[in-house]
Each structure stands twice: as structure tokens, then as C-alpha cells.
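Engineer: The structure under discussion is supplied below as C-alpha cells; questions concerning it will follow.
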Amino acid sequence: MMEEEEFEFAEDLEAILHLTPEVQLAIEQVFPSQDPLDRADFNAVEYINTLFPTEQSLANIDDVVNKIRLKIRRLDDNIRTVVRGQTNVGQDGRQALEEAQIAIQQLFGKIKDIKDKAEKSEQMVKEITRDIKQLDHAKRHLTTSITTLNHLHMLAGGVDSLEAMTRKRQYGEVANLLQGVVNVLEHFHKYMGIPQIRQLSERVKAAQNELGTQILADFEEAFPSQGSKRPGGPSNVLRDACLVANVLDPRIKQEIIKKFIRQHLSEYLVLFQENQDVAWLDKIDRRYAWIKRQLVDYEEKYGRMFPEEWCMTERIAVEFCHITRVELAKVMRTRAKEIEVKLLLFAIQRTTNFEGLLAKRFTGCTLTDVPGQKRPESPLDPTNPFLEDELGEDVGTERDEDLAKPKKPKVPDNPFHGIVSKCFEPHLYVYIESQDKNLGELIDRFVADFRAQGPPKVGTEEGGAVLPSCADLFVYYKKCMVQCSQLSTGEPMIALTTIFQKFLREYAWKILSGNLPKSSSNSGGLTISSLLKEKEGSEAAKFTVDELCLICSILSTAEYCLATTQQLEEKLKEKVDKVLVERINLTGEMDTFSTVISNSIQLLVQDLDAACDPALTAMSKMPWQSVEHVGDQSPYVTSIIMHIKQNVPIIRDNLASTRKYFTQFCIKFTNSFIPKFINHLFRCKPISMVGAEQLLLDTHSLKTVLLDLPSIGSQVLRKAPASYTKIVVKGMTRAEMILKVVMAPHEPPVVFVDNYIKLLADGNPETFQKILDMKGLKRSEQSSMLELFRQRLPTPPSGADGGPSLSFSTPTPEQESSRIRKLEKLIKKRL
């Protein structure tokens, strides 16, 4: 018990004396010591072993104990002295605190005295400066009074002078004076409660009203609504009156402008009345020639009468455009049956040229402030089509490749676009119907030309190239699109897009699909009946070289049409109004061209596939059981390679511009040829060991040729795409594995079945049955092999998705009963 209590006391003491590393480091810095007892990591056992390293040293244990006890007594004395020294610390602290409080009270008293003295000083300064502030206020009030009196004197004098000058029609002096009076009157808005000030304000308003009425009367006298214009040039009085109108109510200025423009264009309404011969579209040039003469006449006679900021020339032109649009609309509604395409296009061309001329001459600043008029909507396309195509640029000579070129730098918007030409939009159906007819005739001409000229010839620039008619079609499309966008960017563009879609489909059907050579075989290659009738070594009907070039040319043309149709759709969306963009969709037409491309590739694949069929048939009919030695590749392999070397270089050269579609051709041919080769391989039965070796050699030769298919017969060696190489390796490796299984001995059966499962990874019993047929095993042996095969098949994991592992087929009830009967017969024979 005593020992346990001492142990617990030692633990408690160690816990109490445990100091943090920071505190321990501080103690060592303040009280450096070399004594082991002062170390933080003191170990009593090590310390005792140091004191008594050997048994002989235990003889001095009493001396060591006495030294330690002496050291303990000294420590106790030191601790006692320190504790006693701290007895009076509390009393000393309280005394120091009281002294600090007394010092703070003294400091607070001194601060209060300083504050009182500062307040007295501030009061003294206020008394000294009070008189100065009063003088400042008096000065400010006096200045304000003098200024107000001066303004009042100016206002009173100005009103008197204004009234006098108004009666004398001294508009030059009135313009400057009226502006000054109005400015001075603004200073008296807060004094309107004073009767005299209010009276002066009313006199100014009365003078302004009188000036407005007087100026309008002067203009009415100078430019009467009825009758001819006043002879001679404008007077200085009217010029000064315009300056005064700038200061008056804006309605006065608008009234002057309205009356002057109406009087200036009154002759136009008479000359080009609806019943006049010159009012029809064929003489539309006369309208624009008339306004040009009028604008020149105005500049000469009245250019200096109106202020420059009124933009009177532009206002006259804008009002002329509004009148012309209304008059042309009425005329065309009345004589709608007389409108022809050429006449309509002529009128639109002249009108849009005139609008372009206005855009060059004027800024369009008056289009937003003409009373009762709104600025016409600008087209979505910011490019001015006339600035783009003027100066003799022949749109018909442009190549449709321009659709893919970078856009031209944008020119400023034409604010006058549509200001007159909007009236033609309801009649653009005539233009759309004309384009429908023209495109129909163009497609018929393409068909006739193709029949007359025949397909592209091999060895010429036309062989495998894009058909010229395709470029002509898209050139015409671009011309129509640009022309229609100049006429309208609304519903007519949607109608034109519908026409484009119609004839894109017709081109794909009549020119491309309609001229593809007819395949001599069905989509799946040779039929069963033809294979049965076919003599060994006979050649299947093939496309001629010219026909191959034609197919490649149609494929290239379809690819060109597909890409250009996509660009056409983007251009149409740029030209049409933003709200109509969603209605432009050429996806169906692009799908049509994609179908033509797919059909062309399929024809090329079928042709080469059919050419290889006789050789494969010859392979399956060879007596492989009687082959005695392995030699070079078999004749059927040579025949297949010959057909490949005949067709593929022609196709590759003619599809040089569309390399991706040549790659598709290679992939599709490989996907068709390899399964067909494996099927014919299963028909080669029975096969001897030497025959299987020969077939394996032939398979390797075909694999080498197929891997080199994309660059076969080419002087430039190019690595085949990885996707194509993967397909060839996977397919032909399966054929090689089939032959290796056939070459393997079937005894013992377990090893043979396991070897089959390992090499082919095919759980279909029918495939295994074919392998057994190729080996020439008897039916009895095959039955036991099949049963062993089913037993050795690994169990597929539940829920598997049928990955690259074994593929299993569930037997039908008829198959199951047939197998049971075969098994019963086999048991009876053995019994």
C-alpha cells in the first residue's frame, strides 16, 4: 500500500510539474544550469546509473544520500525565503494604485481648466468677428439687389424694344434680343409672385405669340399655298425670321418647314398624278430626275434662307420619298395585272440606287423628327448592298465560292433603305414566281446538258471532279439571294428560301441520284440463285472505269452541295429579318445530299464486293482435304487482289478532294468483305492439316492487302487511319483463329474445346458445329463434342450486357428435342 501511494504521488507530481516547451525554454534562458536534475527530460534511473555505474560504487551510497539531502534542505530554504519575500507585495501594490489615482485626478483638473480657457477664447473671437459677418451679409445682399435691378432694367427695356421691333418686323435685331430677354427672364422665375414681374413675363409671352403669328403670315404671303411661288429670290426678312423661329416655340419652326415643303412639292403631285402616263413604273426615273432638279434649284434660291441646322434639303428629299412611296403603292394596286418581273426589277433597282444616293448625300438626321413620320426600319444586314455591288460589279460572274470567303468590311448603315422601296414588297410575289420558273428551266437544262455531254471521262479534269452545273446553280442562288435581300428582308426572303429548298432537292434527285449507275447486284451482293448458277472462275458484271469516275464525281458534287448548302443557310439567316431567322432551315436538303453520298459509297462498295464474290466462291469449292503441300498464295487470292488493285486506285484518285469519304469507302468495304470471307471459309470442308495451313497463308495475304488498302497502288505511302486498321485486324484475326482451331488436333476433346473457347471466345454452338464440319468429324463424334462444349462453356454473369466475351444462343424446343434423340441413338450404339 505504501509503495502504491508513493507511485500515485509521483505521478501527480509529474503531472503538476509538466511544463510546456515554451515555458521550459524560457526557464533555461533565465536560469542556465548544467545540473542533470534541472533538465526537462530528467530520468531518475539514468541518473542513479550515472552515480553508481558499478557494484563497487555502492559503497559510497551514504555519502551520495547525504549530499542530496543537503541539497534538498538548501532548496527548501530558498523557497521559504522567496515565499516570505512575497508577503508585502500586496500592500505595496495597493499603495501604488492609490498614488496613480491621485495623479489621474490632478491631470483631469488641469484638462478642465484648459477647456474653460478655450471656451472663453472662442467667445471672445465671436464677439470680435460679429461685426465683420454683418458686413459680409450686407455686401452679398447689396450685390444681389444691384444684379436683380440690372436684370429688371434690362428686362423692362428689352420688352419695350422687343414690342417695337416686332411691329416694325426688324427680325434681325429681334432674334438676338429675344434670346437675351428669355435668358434674363429665367432669373425671375422665383419672383413671379410680384405683380410687376408677372406682368413683364406675360408681355414677353404675348410678344412671342405675336412674332410666331406674324412670321407664319409672312411665309404664307411669300409662299402661298395656292398659285405659283413668289418671283425672285428669298428676302433677308424671311432669313432673319427663321432665326427668330429658332427661339420661339418649336411648333412655329415645324409649321414653317411643313408649309414650305408642301408648297415646294405641290408641282410634283400634279405632274405625277395616278392617271398620268409618267406615273407608271417604266418612267420611274423621271420622278427621281425631277427631285434632283428641285434640290439643285432649292440650293441655288433658298439655300441661305433657312439655317443650316434645319437640314431643309434633306427634309424635302425625305418628304418626297414618303409621297412617292404612297403614290407608287396606289398606282401598283390599281394596275397590279400589268406588273412584269423585268419592269418590277427595273423600278426597284432605280429606287434602291436613289436611296443609296440619298445615303451618300445626307446623314438621315431628320428621319426621327419629321412630324407624323417614323424612321423606316433598317435591314438586318448592316452592309449596303448597292455600295457592295455598284460600279459595274457583275453579280452573275461571281463564283459561289465567295460564300466561303471572309466577310467584307462593314460599311455604315443606309438610313434611307426602304424609305421608298418598301412599297414594292407586296408585289414581290411576281419576282418569286419568276425565280421558280427560271430555276425549273435551269434544272431541266442541267439534265439535258448531262445527257448530251455524257458522264465525265476518265483521265480528264472532269473525272471525279465536281459537276459544273453545281457551281452554276449556287452562283444563281447567290445572285437571287443578294437581289432579293435588296428588295426585302421579310417574307419574300422566306418564300425564296422555300424555292431554294425545292430545287436543291430536285438537283439531288434528277442530276445526282438520277445519274448514278444501276448496280448489277442487289444491296447484299450476289443473290443465292446467281451463286448457284455461277460457273467457277466466271467474272461478275462490274462498273466500267467511266462509271466509277461518274460515281466519284457525283459523290464529290454531293459533298460540295452539302457544304455550300450549309453556308447558304448561314447567309440567308444573315440577310433576313431577325424575327424570321428561325424559319430558315435547310437541314432536310443537307440530309438529302448526305443520302446521295451514302448511296454513292454503297455503290462503290457493292461493285468491288461483287467483283470478289466469284473468287470467294471458287475458294469454297476447292478440295482442301486433298492439298498435299503449302505453296504460294492461291489463285482466288490473286484474283481478289487484282480486283482491289483495279478499283481502289481509281476511286482514291477521284476522291482526292474528299479524303474522308474515301476512308468511309474503305471501312464499309472491309466491314462487308471480311464477314463474307469468313462465311465462305466455313464452307471449305473438310480441310486437311495442310489445307488449313494453305488457307492460313491465304488469309494472312488478304490481311496484308486489306491493311494496305487505302494506299494500295499509290506512290505516296500514307498510314491508314487507326479506326480502319482496327477493323481489319479484328476481323482477319478471327479468320486466322478459326483456321488455327481447325489445325489443332481434336484429341483429347477437352483440350480441343478449351482451346476453341480460348481462341475464338464464341459461345454459339452453331459456330462450333461449323468448325467440326471443317475438320470432317463424324456426326457421332460431333454430338459428344457439342455436349462437351456446352459443359465447358463458362457461365455468363447475371445481368451482363453481352460485352466482348462469349455470345450464347438459346436453343429452340425443336433443336433441344433433336439433340436428345441424337444422344439416345449414341447411347444405344455404345450399349
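The values are calculated or read from the model by the stated rules, or taken from the named source; none is laboratory data. Please read these numbers as outputs of a predicted model, since none were measured by experiment. Using ideal geometry, Cβ is built from the backbone for each residue, glycine included, and neighbour counts are taken over all protein chains shown. The area values use the complete protein model at the heavy-atom level, side chains included, leaving out ligands, DNA and RNA. Shrake-Rupley method; radii C 1.70, N 1.55, O 1.52, S 1.80 Å.
Engineer: Students often get this wrong: which residues of the stretch 36-67 have the backbone nitrogen under 11 Å from the point 7 angstrom along Cα-to-C-beta of residue 74?
Structural biologist: Only 67 fall inside the zone, counting backbone N under 11 Å.
Engineer: With a 10 Å radius around each residue's Cβ, average the other Cβ atoms per peptide and rank 606-613, 289-296, 487-494, 718-725, highest first.
Structural biologist: 606-613, 487-494, 289-296, 718-725
Engineer: OK, next. Give a residue-ordered list of calculated ³J(HN,Hα) values for the stretch 679-694 (Karplus: 6.51 cos²θ - 1.76 cosθ + 1.60, θ = phi - 60°; whole Hz; x for Gly, Pro).
Structural biologist: Each residue of the stretch 679-694 in turn: 4, 5, 5, 5, 7, 7, 8, x, 10, 7, 4, 5, x, 5, 5, 5 Hz.
Engineer: Another one. First obtain the Kirkwood hydrodynamic radius of the stretch 617-735 from its Cα pairs, then insert it into the Stokes-Einstein equation at 20 °C and 1.002 mPa s, and state the resulting D in µm² per second as a whole number.
Structural biologist: Using the Kirkwood radius from Cα pairs, D works out to 141 µm²/s.
Engineer: Moving on to the next point. What does the charge add up to near residue 682, with Lys and Arg as +1, Asp and Glu as -1, over the other residues with Cβ less than 9 Å from its Cβ?
Structural biologist: Net local charge, residue 682 excluded: +2.
Engineer: With a cut-off of 18 Å, note down the residues of the stretch 26-57 whose backbone N falls inside the zone around a label point 7 Å from the Cα of residue 81 toward its beta carbon.
Structural biologist: 31-32
Engineer: Using the structure shown, list the pairs from 510/573; 518/571; 719/770; 518/775; 337/437; 253/578 with a Cα-Cα distance above 30 Å, or answer none.
Structural biologist: The answer is 518/571; 719/770; 518/775; 253/578.
Engineer: Also, I was wondering about something else. Residue 628 label point, 7 Å along Cα→Cβ, cut-off 20 Å on backbone N: hits in the stretch 653-697?
Structural biologist: 686-695
Engineer: Still on this structure, please answer the following. Fully extended, how many nm does the chain gain between residue 30 and residue 690 (0.36 nm per residue separation, minus their Cα-Cα distance)?
Structural biologist: Gain on stretching residue 30 to residue 690: 227.5 nm.
Engineer: Treat every Asp and Glu Cβ in the stretch 2-127 as -1 and every Lys and Arg Cβ as +1, leave all other atoms uncharged, and give the resulting dipole magnitude about the Cα centre to the nearest 20 debye.
Structural biologist: Using Cβ point charges on Lys, Arg, Asp and Glu, the stretch 2-127 gives about 1320 debye.
Engineer: Also, quick follow-up: Work out the charge dipole of the stretch 2-127 with +1 on the Cβ of Lys and Arg and -1 on the Cβ of Asp and Glu about the Cα centre, then indicate which of 91, 47, 78 is farthest towards its positive end.
Structural biologist: Selected residue: 91.
Engineer: Under the √(5λ) rule applied to the eigenvalues of the Cα gyration tensor, what semi-axes describe the equivalent ellipsoid of the stretch 269-320? Give them in Å, descending. Numbers along the way, then the final one.
Structural biologist: Working: eigenvalues 139, 20, 15 Å².
Semi-axes (√(5λ), whole Å): 26, 10, 9.
Engineer: Once fully extended, how much extra length lies between residue 56 and residue 683, figured as 0.36 nm per residue of separation less the alpha-carbon to alpha-carbon distance?
Structural biologist: Length gained between residue 56 and residue 683: 215.2 nm.
Engineer: Using θ = phi - 60° and the Karplus curve 6.51 cos²θ - 1.76 cosθ + 1.60, what whole-Hz ³J(HN,Hα) does each residue of the stretch 637-644 get, with Gly and Pro shown as x?
Structural biologist: 5, 4, 5, 5, 4, 4, 4, 4
Engineer: I would also like to ask the following. Using a 1.4 angstrom probe on the protein heavy atoms only, could you order 569, 22 from most to least accessible area? Could the numbers behind the result be given before it?
Structural biologist: Working: 569 20, 22 135 Å².
Largest accessible area first, the list is 22, 569.
Engineer: If you wrap a convex hull around the alpha carbons of the stretch 2-127, what volume per residue comes out, as a whole number of Å³?
Structural biologist: Cα convex hull per residue, to the nearest whole number: 213 Å³.
Engineer: Lys and Arg at +1, Asp and Glu at -1: add these up for the other residues within a Cβ distance under 13 Å of residue 501 and post the number.
Structural biologist: -2
Engineer: Let me ask you something else. On a full-extension model of 0.36 nm per residue, what is the gain between residue 127 and residue 304, subtracting their alpha-carbon distance, rounded to one decimal in nm?
Structural biologist: Result: 56.9 nm gained on full extension.
Engineer: What are the extents of the Cα atoms of the stretch 288-362 along their three principal axes, in Å, largest first?
Structural biologist: The Cα atoms of the stretch 288-362 stretch 47, 22, 18 Å along the principal axes, largest first.
Engineer: Suppose each label sits 7 Å from its Cα in the direction of the beta carbon; what would the residue 570-residue 621 distance come out to in nanometres?
Structural biologist: 5.7 nm
Engineer: Hey, any idea what Rg/Rh is for the stretch 643-694, computing Rh the Kirkwood way over Cα pairs? Present the calculation step by step, with values, prior to reporting the outcome.
Structural biologist: Numbers: Rg = 16.0 Å, Rh = 13.3 Å.
Looking at the stretch 643-694, the ratio lands at 1.20.
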